[in-house]
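A.B. asks: Okay, here's the structure, questions in a sec.
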Amino acid sequence: MTTEHIVIAGGGLAGATAAKTLRAEGFEGSVTVLCAEEQPPYLRPPLSKEYLLGKAGEETVPVLPRGWYQENGVGLLLGEPAASIDTARHLVTLAGGRGLEYSKLLLATGAQPRRIPLPGAELDGVMTFRTLADSKRLRGLLDGGGMRVVMVGSGWIGMELAAAARSYGNDVTLLGLEDIPLSAAIGPELGSFFRTLHEAHGVRFRLPASAAGITGKDGRATAVVTNTGESLPADVVVVAVGVVPDTTLAEAAGLELRNGVLVDASLRTSAADVFAAGDVANALHPFTGEHHRSEHWSNALNGGKVAAKAMLGQPAALDVVPYFYTDQFTASMEYSGFPTLATGITPVLRGSLEEGSFIAYWLKDGAVVAGMSVNQKRVQKHIKALISGRIPVDAGKLSDPGVPLEELLPAV
């Protein structure tokens, strides 16, 4: 190639952030972003939060103003995803058949909703949730209220969507495989806090239970039949049972896979000049020495920056403490840390679950590995510092609201 050309396969936050970082770092070669959707790259958190609730308009969703791409000489190909990669020839072939040579390639293909073989899944009123189009469709179904909604899935997205549906005045029932929602992620005590919150706002739970099929009339869903034989009336059914990394391109190209595209701390894949970031990347984290795949916006944001710098030959590593947040009814929650390290550990609590304002800390070998705050302002910085400090912390002081968080931080 006579000039450098960086191709970004994927039109989400990771891809857009990488393009922005490339230009900010002074890269003057060609940059092309390939978007599977007919939409410029956009943020996903608002889709199940502010946008879905009608508190924010569509203009708040794009990662960058649409004019930014042209102003900065970045090619934005909408509705033209990559169809295949030839890593030996450094060639990306688009779905329409056109080929693009690259000097560096970033895979930011994200994830796809996990689909379950459910009889009746093709009926009107049944949907998964991932895209802006999905959020528009669901908002249109919910915002008038009075609908019978069955949510299949008791994870973070299922709980957020249930809260949104109920906030519009709809009848909401939530199914999940756990005895307590979110217990796999944050444990039974904190999962029970969120269940109680939802029940106080009128959400009904069927746990543990799964959908065995969907019945309908005249092509529209009318009920969800559970594995226990119960028939739950339904006008709207949302299947929110997680996502799977979109590794189709990477697998066909022969890249090393393990719960996503396996990458090092600088987001390099097993193929020369090919990088991966965002939901699809299973990255080596310097803090743990293990690979972690995160499906949250913070990972996509920081991964896009790291990948861009690494593609430019700069020293860069994805070493930030993972972070995400959720808003459900009156609870505003933020979480920093490593869920895999916190699994099976009973958290140390500061504050009151009953009053709905607290911090939960997960300790391993006496040091904080994760922390979650609910309705607590400006504490995530301290939580991240405790995690990064890697030093033993007194659990009694952690749980004592009378001990300022600053006193617990490692000495600088």
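A.B. asks: Return the loop-located trypsin sites (Lys or Arg not before Pro) in the range 87-122 (DSSP other than H, G, I, E, B) with at most 12 other Cβ atoms within 10 Å of their own Cβ; answer none if there are none.
C.D. replies: Working: sites: ARG89, ARG98, LYS104, ARG114, ARG115; in loops: ARG89, ARG98, ARG114, ARG115.
For trypsin sites (Lys or Arg not before Pro) across the range 87-122 that sit outside H, G, I, E and B with at most 12 neighbouring Cβ atoms in 10 Å, the list reads ARG89, ARG98, ARG115.
A.B. asks: Using a simple spin-label model with points 7 Å from Cα along the Cα→Cβ vector, what separation in nm is obtained for SER388 and ARG23?
C.D. replies: So the two model labels end up 2.9 nm from each other.
A.B. asks: Next question. Name the residue from HIS292, GLY169, TYR69 whose Cα lies farthest towards the positive end of the charge dipole of the chain, charges +1 on Cβ of Lys and Arg and -1 on Cβ of Asp and Glu.
C.D. replies: Of the options given, the answer is GLY169.
A.B. asks: Ignoring everything but the protein chains, give the 1.4 Å probe accessible area of SER399 in square angstrom, nearest 10.
C.D. replies: 40
A.B. asks: Dipole of the chain, Cα-centred, from +1 at each Lys and Arg C-beta and -1 at each Asp and Glu C-beta, to the nearest 20 debye? Provide the component values of the computation, followed by the final result.
C.D. replies: On the way: 35 positive and 43 negative charges, 32 e Å.
For this selection, approximately 160 debye.
A.B. asks: Related question: Would you please classify the overall shape of the chain from the alpha carbon gyration tensor, given that a ≥ b ≥ c denote the square roots of the eigenvalues, rounded means a/c under 1.5, and beyond that prolate means a/b larger than b/c while oblate covers the rest? Write down the numbers at each step before the final one.
C.D. replies: Working: a/c = 1.92, a/b = 1.16, b/c = 1.66.
Because a/c hits 1.5 or more and a/b fails to exceed b/c, the chain counts as oblate.
A.B. asks: Follow-up. What does the extension gain come out to for ALA88 and LEU257, with contour length at 0.36 nm per residue minus their alpha carbon separation?
C.D. replies: Details: separation 169, 0.36 × 169 = 60.84 nm, distance 1.81 nm.
That works out to 59.0 nm of additional length.
A.B. asks: Turning to a different aspect of this structure: The range 1-56: which trypsin sites (Lys or Arg not before Pro) are DSSP loop and have at most 12 other beta-carbon atoms within 10 angstrom? Please report the intermediate quantities before stating the final value.
C.D. replies: Numbers: sites: LYS20, ARG23, LYS49, LYS55; in loops: LYS49, LYS55.
Answer by residue number: LYS55.
A.B. asks: Another question, then. Please identify, among GLY155, GLY67, GLY146, the residue showing maximal mean-square fluctuation in a Gaussian network model of the chain using a 10 angstrom Cα cutoff.
C.D. replies: GLY67
A.B. asks: Taking the Cα centre of the chain as the origin and placing charges on Cβ (Lys, Arg +1; Asp, Glu -1), which of GLY396, VAL224, HIS201 is farthest toward the positive end of the dipole?
C.D. replies: HIS201
A.B. asks: Roughly speaking, to the nearest percent, how much of the chain's 1.4 Å accessible area is carbon and sulfur? List each step's numbers first, then the result.
C.D. replies: On the way: 8950 of 17810 Å².
Exposed carbon and sulfur together represent 50 percent of the surface.
A.B. asks: ALA212's amide H: which non-local residues (gap 5+, or another chain) put their own amide H closer than 5 Å, with H modeled 1.01 Å from N in plane and none for Pro or chain starts?
C.D. replies: The answer is VAL225, THR226, ASN227.
A.B. asks: What are the GluC sites (Glu not before Pro) within the range 22-67 that DSSP puts in a loop, where the Cβ has at most 11 other Cβ atoms within 10 Å? Mind dumping the intermediate values first?
C.D. replies: Values: sites: GLU25, GLU28, GLU37, GLU38, GLU50, GLU58, GLU59; in loops: GLU25, GLU28, GLU37, GLU38, GLU50.
Passing sites in the range 22-67 are GLU28, GLU38.
A.B. asks: Something else: Pairs of alpha-carbon atoms within less than 8 angstrom and 6+ residues apart define the contacts here; what relative contact order does the range 272-412 have, in percent? Show your work: numbers first, answer last.
C.D. replies: Numbers: 233 pairs, mean separation 22.5, N = 141.
This gives 16 percent for the range 272-412.
A.B. asks: Enumerate the helices in the chain for which the Kyte-Doolittle hydropathy averages 1.0 or more and the C-alpha atoms extend at least 27 Å along the helix's axis, using complete DSSP H runs.
C.D. replies: Details: long enough: none.
Correct list, ordered by number: empty.
A.B. asks: Rounded to the nearest whole Å², what accessible area per residue is found for the range 221-306 with the 1.4 Å probe?
C.D. replies: Working: 3250 Å² over 86 residues.
Normalised by residue count, the accessible surface of the range 221-306 is 38 Å².
A.B. asks: For the cross-link pairs LYS49/LYS305; LYS309/LYS377; LYS104/LYS136, which exceed 27 Å when the distance is taken from alpha carbon to alpha carbon?
C.D. replies: Details: LYS49/LYS305 25 Å; LYS309/LYS377 32 Å; LYS104/LYS136 35 Å.
The pairs that break the limit, which is 27 Å between Cα atoms, are LYS309/LYS377; LYS104/LYS136.
A.B. asks: Which of rounded, prolate, oblate describes the range 219-353, given a ≥ b ≥ c as roots of the alpha-carbon gyration tensor eigenvalues and a/c under 1.5 marking rounded, otherwise prolate only if a/b is larger than b/c? Let's see the in-between values first.
C.D. replies: On the way: a/c = 2.48, a/b = 1.45, b/c = 1.71.
Oblate, since a/c reaches 1.5 and b/c is not below a/b.
A.B. asks: Let me ask something additional. Give, rounded to the nearest 20 debye, the magnitude of the charge dipole that the range 209-343 has about its Cα centre when Lys and Arg contribute +1 at Cβ and Asp and Glu contribute -1 at Cβ.
C.D. replies: Values: 7 positive and 14 negative charges, 23 e Å.
Roughly 100 debye for the range 209-343.
A.B. asks: Considering the dipole of the chain built from charges on the beta carbon (Lys and Arg +1, Asp and Glu -1) around the Cα centre, which of SER183, GLY57, LEU408 is farthest to its positive end?
C.D. replies: Checking the options against the dipole of the chain, the answer is GLY57.
The values are calculated or read from the model by the stated rules, or taken from the named source; none is laboratory data. The structure displayed is predicted, hence computed values, not measured ones. Cβ: placed from backbone, ideal geometry, glycine included. Neighbour counts: every protein chain shown. With ligands, DNA and RNA removed, areas are computed over all heavy atoms of the protein, side chains included. Shrake-Rupley method; radii C 1.70, N 1.55, O 1.52, S 1.80 Å.
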